[in-house]
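To start, the structure under review is shown below, and the notes come after it.
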Amino acid sequence: MAAALLTQQIRDLTDPVEVVSAGVRKTDSTVPDEVFEVMAPYGIDLTGHRKQKMTAPLLENADLIIGMGRRHVQEAILLDPPCWPQAFTLKELVRRGAEVGPRRPDQGIRSWIDAVQGDRTRESLAHRSASDEVDDPFGGSLDRYQWTAQELAGLTAQLAGLLWGEELGRTG
């Protein structure tokens, strides 16, 4: 859901950005019916979406790695230890990005990510923080899926504003 929402947020960028979704669960599972239902009001059809498992080669080529929860970030770093500086939970990235401020027009994405990384340590990954976790609605009620979709829509809009606000005509 997050990848689809972010892709929608940045669809009008002059320079295209590739958003890839990968998870830590088995790839043979299907997208829950609830996801189709809660994404429809956003104009998103995930019928063609195919789940894929996170892999080291996928991570090696990523400029930014965003997990919904700390476990996702931990798994990414275990698969590709050098990806640490650009691996965040979505909530952590938005929170830290808001503290740093929107990316300046003359600033590269890597430079902004480095600023957001700041004084963050690997040890911070050892602790769970509910404030940095997006609720996983898998197996839950439709209401839970709707709540998560709304939260993700807000977070992806904030992230798009922080990274590409000038180009999209908005800021963080």
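Values quoted throughout were computed directly from the atomic coordinates according to the rules given, and no laboratory measurement underlies them. Computed from a predicted model, the values in this text were never measured in an experiment. FYI the Cβ positions are ideal-geometry reconstructions off the backbone, even for glycines, and counts take in every protein chain you see.
Overview of values
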item	result
Most fluctuating residue given options Asp106, Asp80, Asp15, as computed from a GNM of the chain linking Cα atoms under 10 Å	Asp106
Net charge dipole size for segment 124-169 [Lys, Arg +1 and Asp, Glu -1 on Cβ; Debye, nearest 20]	120
Magnitude of the charge dipole, the chain, Cβ model with Lys/Arg +1 and Asp/Glu -1, debye to 20	300
Cα-centred dipole magnitude for segment 48-115, charges only on beta-carbon of K, R (+1) and D, E (-1), debye, nearest 20	340
Kirkwood hydrodynamic radius of segment 2-168, Cα pairs, Å	16.6
Qualifying chymotrypsin sites (Phe, Trp or Tyr not before Pro) in segment 124-172, DSSP loop, other Cβ atoms within 10 Å at most 16	Phe138
DSSP loop trypsin sites (Lys or Arg not before Pro) with at most 15 other Cβ within 10 Å excluded, longest remaining stretch of the chain	52-119
Over the chain: helical MRE at 222 nm, DSSP H runs n ≥ 4 each giving -39500 (n - 2.57), nearest 500	-13500 deg cm²/dmol
Options Tyr42, Ala76, Phe138, ranked by Cα towards positive dipole end of the chain, top entry (Cβ charges)	Ala76
